[in-house]
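Student: Below is one structure. I have some questions about it.
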Amino acid sequence: MIAQPKASHFINGTYVEDTAGDAIPVIFAATGEQLATVHAGTPAIVEQALAAAAEAQKEWAKWSPRDRGRVLTRAAQIIRDRNEELSQLETLDTGKPIQETRVADATSGADALEYFGGLAGTLTGEHIPLGEDWVYTVREPLGVCVGIGAWNYPTQIACWKAAPALACGNAMVFKPSETTPLCALKIAEILIEAGLPKGVFNVVQGMGATGAQLVSDPRVEKVSLTGSVPTGKKVYAAAAAEMKHVTMELGGKSPMIVFEDADIENAVGGAILGNFYSSGQICSNGTRVFVHSAIKDKFLKRLAERSAQAIIGDPREDATSIGPMVSETQMDIVLDYIAKGKSEGARLICGGERLDRDGFFIAPTVFADVTDDMTIAREEIFGPVMAVLDFDDEAEVIARANGTEFGLSAGVFTKDIQRAHRVIGQLQAGSCFINSYNDAPVEAPFGGVKASGVGRENSKQAIEHYSQMKSVYVRMGDVEAPF
Ligand code: NDP
């Protein structure tokens, strides 16, 4: 098995195995070949990880923030130096094309470690003068944090959670998705190489049950989940039972609105990026593409022409621009949605089927004449399936765009700058784009509203979700008590 890690878990600075846990086969989605086997964390493994994190956190919190930051920036540099190796592993773990993983995964993780490493030394409280007396505030870590990841961006998700958590002086136990267990182990290894004390960042494999055990442990102060809305509701409820802090990065069904004055090539490019990158397995994708009826035919024609240029194939090859779905299960879910699109009367423009080859490949699929009530316009598909809907009027399209339980992202394509800001201002979404789609720089807050989540990752905002303020009132005079 070509990607077998030294052991399944990484705890207290070293690889740890416990074969008593259920075996999890790691499958290369492009061929169906087994790459590795890991074992789900047993209760003993979970205990070991939480105990290590709780112990290590006490000392880590005493480090000066700048020293903590230096470890993170060192880790970022190691990741950049090893980008090729890490990108190849990400491609094996997820099936995403190497041309994507070289620029969007380890590098994005390094960005987060670099950014929060730099920010660490700036994390301060404030002095609040009250005449003779004053209050000062102290920014404190939360303690032990649990990170739980989805399978689409295993390296990035581990880093996006670890970087702000560690910068603030917390420790973390991270559970990757059972579908993509390999990449987070490498991040744990690199953090140790960069000088992180053992136990501050631990990785435990497992399915939902392992995640649930981590979330409900009383030693855990914070849970950050990237996953679907149904899982988010369960995890949020479990965390609420013990009043834990949460960040929920959940699913979406985001609108992308293309007005009649839009630059068509850019709008088509945005729709391709926002639907087919990573085979459409991106939470913030603009999967409801509302196109003004005046330009609909032109838009669909260029979309079909450009979609035909996709190079679908082995994700390890440089030229491949579309890889397989992450797993057979996910492929079946997506094929089921495609069947619903056809049976509910949407017009298939291109794609719409599984490719006749090994692995879990689906051709980029575009449906036109989609209406708001169709299943493919309402539910998150998480695959390369774009729904194109028509509209004529600005107020009408805003209402329809907002007519969903989700609120992760939204995009507008228009040359009219006033309209762009007016429309974005009315869209219910956390991460928005004007004449662009799916950019996620670490400097910008990322997260959703409504069912798409609570809290924000990245940017200075993430600090608020991994630390808490203590306020201290200081009296300089005598205490005046009533008796
Ligand atoms: P899931 O919700 O199925 O799983 C997410 C993680 O939660 C996995 O590690 C899973 O383990 C774990 N888990 C499942 N049940 C529980 C439980 N009861 N308690 C604790 N942990 C649990 O999501 P997917 O992995 O299928 O990822 C796809 C989803 O993630 C999509 O909805 C997508 O939109 C969303 N997502 C959101 C992002 C965002 O930033 N907003 C970014 C990327 C994806 P296991 O895998 O073993 O089941």
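Values quoted throughout were computed directly from the atomic coordinates according to the rules given, and no laboratory measurement underlies them. Given the structure is predicted, the values throughout are model-derived calculations rather than measurements. Note that we place each Cβ from the backbone using ideal geometry, even for glycine, and neighbour counts take in every protein chain shown.
Student: Determine which residues of the stretch 236-265 fall in the zone a paramagnetic label at Q461 would reach in this model, i.e. backbone nitrogen under 12 Å from the point 7 Å along Cα→Cβ.
Tutor: Correct set: 248-249.
Student: To continue, here is another question. So how tilted is helix 83-94 from the main axis of the chain? Cα-based, degrees 0 to 90, rounded to 10.
Tutor: 70
Student: With +1 assigned to the C-beta of every Lys and Arg and -1 to the C-beta of every Asp and Glu, and no other charges, what is the dipole magnitude of the chain about the Cα centre in debye, to the nearest 20? It would help to have the intermediate numbers written out before the result.
Tutor: On the way: 44 positive and 62 negative charges, 108 e Å.
Here the size comes out at about 520 debye.
Student: Here's a follow-up. Could you give the nm distance between label points at E33 and R219, where each point is 7 Å from its Cα heading toward the beta carbon?
Tutor: Inter-label distance under the simple model: 4.0 nm.
Student: Let me ask you something else. Under the rule of at least 5 residues apart or a separate chain, name every residue whose amide H is placed under 5 Å from the amide H of M256.
Tutor: It is R288, V289, F290, G411, by chain and number.
Student: Could you go through the stretch 399-406 in sequence order and give the Karplus-derived ³J(HN,Hα) for each residue, using 6.51 cos²θ - 1.76 cosθ + 1.60 with θ = phi - 60°, rounded to whole Hz, and x for Gly and Pro?
Tutor: After applying 6.51 cos²θ - 1.76 cosθ + 1.60, I find 4, 5, 4, 7, x, 8, 6, 7 Hz.
Student: Quick one: grab the alpha carbon gyration tensor of the stretch 297-365, order the square roots of its eigenvalues as a ≥ b ≥ c, and give me rounded if a/c is under 1.5, else prolate or oblate depending on whether a/b is larger than b/c. Don't jump to the answer; show the numbers that get you there.
Tutor: Values: a/c = 2.99, a/b = 1.14, b/c = 2.62.
Cα axes put the stretch 297-365 in the oblate bin.
Student: Along the positive direction of the dipole of the chain (beta-carbon charges: Lys, Arg +1; Asp, Glu -1; about the Cα centre), which of F483, A120, A368 reaches farthest?
Tutor: F483
Student: Rounded to whole Å and sorted largest first, list the principal axis extents of the Cα atoms in the chain.
Tutor: Rounded to whole Å, the extents work out to 78, 59, 39 Å.
Student: For the pair Q4 and A240, how long in nm is the line joining their label points, each one 7 Å along Cα→Cβ?
Tutor: About 4.5 nm, to one decimal.
Student: Taking GluC sites (Glu not before Pro) as exposed when DSSP calls them loop (any state but H, G, I, E, B) and at most 10 other Cβ atoms lie within 10 Å, what is the longest stretch of the chain free of them, the sites themselves excluded?
Tutor: Details: sites that count: E132, E443, E480.
Longest site-free region, per DSSP loop and neighbour criteria: 133-442.
Student: Another question, then. Post the alpha-carbon centroid distance, the stretch 252-307 to the stretch 159-216, in whole angstrom.
Tutor: Centre-to-centre distance over Cα atoms comes out at 35 Å.
Student: Separate question: Give me, ordered by chain and number, the residues 5 or more places off F201 or on other chains with an amide H under 5 Å from its own placed amide H.
Tutor: Residues meeting the criterion, in which the H sits 1.01 Å from N, are M172.
Student: Run the helix sum for the chain: -39,500 (n - 2.57) per DSSP H stretch of 4+ residues, divided by residue count, reported at 222 nm to the nearest 500 deg cm²/dmol.
Tutor: On the way: 16 runs with 184 residues, N = 483.
Result for the chain: -11500 deg cm²/dmol, rounded to the nearest 500.
Student: Pop out the ³J(HN,Hα) list for the stretch 302-309 in order, Karplus 6.51 cos²θ - 1.76 cosθ + 1.60 with θ = phi - 60°, rounded to Hz; leave Gly and Pro as x.
Tutor: Working through the residues one at a time gives 5, 4, 5, 4, 6, 5, 5, 7 Hz.
Student: Here's something else I'd like to know. Starting at the first residue of the stretch 381-393, write each ³J(HN,Hα) from the Karplus equation 6.51 cos²θ - 1.76 cosθ + 1.60 with θ = phi - 60°, in whole Hz, x for Gly and Pro.
Tutor: For the stretch 381-393, the Karplus-derived couplings read 9, 6, x, x, 10, 9, 9, 9, 10, 8, 8, 10, 10 Hz, x marking Gly and Pro.
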